[in-house]
Each structure stands twice: as structure tokens, then as C-alpha cells.
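Participant: Below is one structure. I have some questions about it.
What follows draws every value from the coordinates through simple rules; no lab data is involved. Owing to the predicted nature of the structure, the values given are computational and were not obtained by experimental measurement. Cβ atoms come from the backbone with ideal geometry, glycine included; neighbour counts cover every protein chain shown.
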Amino acid sequence: MEKTETTALSEKQPAAAAVPFTAMSVIAPALGWLIPGAGHLIQKRWGRGLLLMASVTAMFAIGIAMDGKVYKPNSGDLLDMLGFVGNIGAGGLYLLSQALEWGRTAITYAVADYGTKYIVVSGLLNVMAAVDAYHIAIGRKK
Amino acid sequence: MILALQLSHFSAAVIFALFASIVFGITQRNTQREMLRYGAQCFGWFVIGMYLAGWLMRLLHH
């Protein structure tokens with residue numbers, strides 16, 4: 001009896017662990033990172049995609065409007081580098097901010113520091129959204 | 001930026017909680033009902049935590 005159960009488990013495990021590699025499993029998270037919510041939209045999760053797009057973009061935009069700082073990759077300061085890791089999660093929004101030179105003003109008041117946190121967290125939330133798009137693409141989530 | 005958006009600490013924290021809760025709800029749950037429930041729960045905890053932290057800071061300050 002015990003042996004049969006063990007055999008059944010070992011037969012099931014490889015199938016459960018196997019992740020189907022499809023073009024969508026690469027495209028969805030990549031597109032989702034570049035354009036917030038697009039990873040869901042491309043998989044026809046319209047409501048979720050639009051909500052994610054609105055949330056991440058609004059957070060990033062509010063952060064910029066509050067005079068938040070956008071970190072650069074090569075500042076040499078460890079905390080700045082961590083900030084950059086958060087910022088780069090916003091994908092296209094980060095690239096846009098660099099191209100248009102947003103987030104370069106010096107922080108002179110408390111609310112602007114909130115803006116910096118908004119920008120970093122919008123990037124981190126976008127990474128969560130991109131991972132979710134990947135889970136949908138591989139069938140782990142509906 | 002010349003005209004920076006000036007939010008109070010409270011409104012900045014509530015807006016932050018709102019957007020973060022939406023993303024948490026969508027990404028951390030599977031069904032629509034669960035997403036809505038979890039998102040609302042997260043938002044509630046954010047706001048409760050914010051009030052508690054606010055009072056704690058006030059007590060520590062005085």
C-alpha cells in the first residue's frame with residue numbers, strides 16, 4: 001500500500017513541477033514589465049490589466065508630480081542603488097522618466113520624499129504584476 | 001517641477017494604500033471575489049496601521 005502511494009507520488013511530481021514553456025510565458029511578463037498591465041491585457045484579462053495599468057501608472061505619475069526622486073544606476077551609494085532596483089521595475093515608465101529628465105530636482109520638503117517612495121513602490125508593484133502575468137501564461141492562475 | 005503636487009501626509013498615505021491594495025488584490029488571489037475581498041482587507045489594514053503608527057508617534061513625541 002505504502003509502496004503504491006510512493007510510486008503514484010513520484011509519477012505525479014514531474015508532471016506537476018513541469019512548467020510549459022510557451023512564447024506567451026516570455027512575452028507576457030516582458031511586456032507587462034515594459035508597459036504596466038500589458039502582460040494581462042495581451043492575455044485578454046482586460047479588467048485586471050486596466051486596473052494594474054491605472055494603479056502603477058498613477059502611482060508613478062503622482063510620485064513625479066510630488067517632486068519625487070528617480071534614482072540613477074551609477075550613483076555609488078548603496079541605498080541609491082536599491083532605489084534604482086525599485087525604479088527599474090517600472091519598466092517603460094522609468095525609461096520615459098530618464099528620457100524626459102523627470103525626478104531630477106533636489107528634495108526640499110517632506111512630501112517630496114513620499115513622492116520618491118511612490119516611484120520606487122510603483123516599480124516593485126509592477127514587478128508583482130509582471131510575475132502574475134507569467135503565472136497566467138503558464139496556467140498556474142486563471 | 002514648478003507646481004509640485006502638495007498632498008498632506010494622510011492623503012498621501014491613503015492614496016498609496018489604495019493603489020498598493022489594488023495590485024495586491026489582483027496579484028495575490030485567484031478568483032474575482034477573493035481579489036476584491038483581499039484588496040479591501042489590505043486597504044483596511046493599511047489604514048488601521050497608519051492610524052496606529054500616527055498615534056504611536058504622537059505618544060512618543062509628547
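Participant: Report the full-extension gain for the segment B:ARG29 to B:LEU52: residue separation times 0.36 nm, less the Cα-Cα distance, to one decimal in nm. Show your work: numbers first, answer last.
Facilitator: Working: separation 23, 0.36 × 23 = 8.28 nm, distance 2.69 nm.
Going from the current span to full extension adds 5.6 nm.
Participant: Give, as a single signed number, the net charge of other residues whose beta carbon lies under 11 Å from the beta carbon of A:LEU52, with Lys and Arg counted +1 and Asp and Glu -1. Please report the intermediate quantities before stating the final value.
Facilitator: Working: positive: A:ARG45, A:ARG48; negative: A:ASP132.
Around A:LEU52, the charge tally is +1.
Participant: Rank A:MET66, A:MET81, A:MET24 by mean-square fluctuation in a GNM of chain A with C-alpha springs under 10 angstrom and give only the top-ranked residue.
Facilitator: Evaluated over chain A, the most mobile residue of the options is A:MET81.
Participant: For chain A, what is the calculated [θ] at 222 nm in deg cm²/dmol (nearest 500), taking -39500 (n - 2.57) for each run of four or more DSSP H residues and dividing by its residue count?
Facilitator: On the way: 7 runs with 99 residues, N = 142.
Value at 222 nm, helices only: -22500 deg cm²/dmol.
Participant: Over chain B, what relative contact order in percent results from Cα pairs under 8 Å that are six or more residues apart? List each step's numbers first, then the result.
Facilitator: Details: 31 pairs, mean separation 17.0, N = 62.
About 27 percent, as a whole number.
Participant: How large is the charge dipole for the protein assembly as shown, taken about the Cα centre, if only the Cβ atoms of Lys, Arg (+1) and Asp, Glu (-1) carry charge, to the nearest 20 debye? Don't skip to the answer; put the middle values down first.
Facilitator: On the way: 16 positive and 10 negative charges, 111 e Å.
Result for the protein assembly as shown is approximately 540 debye, rounded to the nearest 20.
Participant: Something else about it: At 7 Å along Cα-to-Cβ for each site, give me the label-to-label distance between A:ALA110 and A:ASP80 in nm.
Facilitator: 2.6
Participant: Can you tell me the 0 to 90 degree angle between the C-alpha axis of helix A:2-17 and the longest principal axis of chain A, rounded to 10?
Facilitator: Its long axis makes an angle of about 40 degrees.
Participant: While we're here: With runs of 4+ DSSP H residues as the only contributors, calculate the mean residue ellipticity of chain B at 222 nm using -39,500 (n - 2.57) per run, divided by the residue total and rounded to the nearest 500.
Facilitator: Estimated from H runs of four or more residues: -28500 deg cm²/dmol.
Participant: Over all directions, average the projected area of the Cα convex hull of chain A and note it in nm².
Facilitator: Approximately 11.9 nm², given one-decimal rounding.
Participant: OK, next. Angle between the Cα long axis of helix B:9-28 and the longest principal axis of chain B, 0 to 90 degrees, nearest 10?
Facilitator: Its long axis makes an angle of about 20 degrees.
Participant: Another one. Nearest 10 degrees is fine. How inclined is helix A:23-34 to the longest principal axis of chain A, computing both from alpha carbons?
Facilitator: Its long axis makes an angle of about 20 degrees.
Participant: With +1 on each Lys and Arg Cβ and -1 on each Asp and Glu Cβ, and nothing else charged, work out how big the dipole of the stretch A:22-137 is about its Cα centre, in Debye to the nearest 20. Provide the component values of the computation, followed by the final result.
Facilitator: Values: 7 positive and 6 negative charges, 70 e Å.
Dipole of the stretch A:22-137, to the nearest 20 debye: 340 debye.
Participant: Same structure again: Most mobile of A:PHE21, A:PHE60, A:PHE84 per a Gaussian network model of chain A (Cα springs, under 10 Å)?
Facilitator: Comparing A:PHE21, A:PHE60, A:PHE84 in a Gaussian network model of chain A, the most mobile one is A:PHE21.
Participant: Could you tell me the ratio Rg/Rh of chain B? Both radii from Cα atoms, Rh via Kirkwood. List each step's numbers first, then the result.
Facilitator: Details: Rg = 14.9 Å, Rh = 13.1 Å.
That ratio is 1.13, to two decimals.
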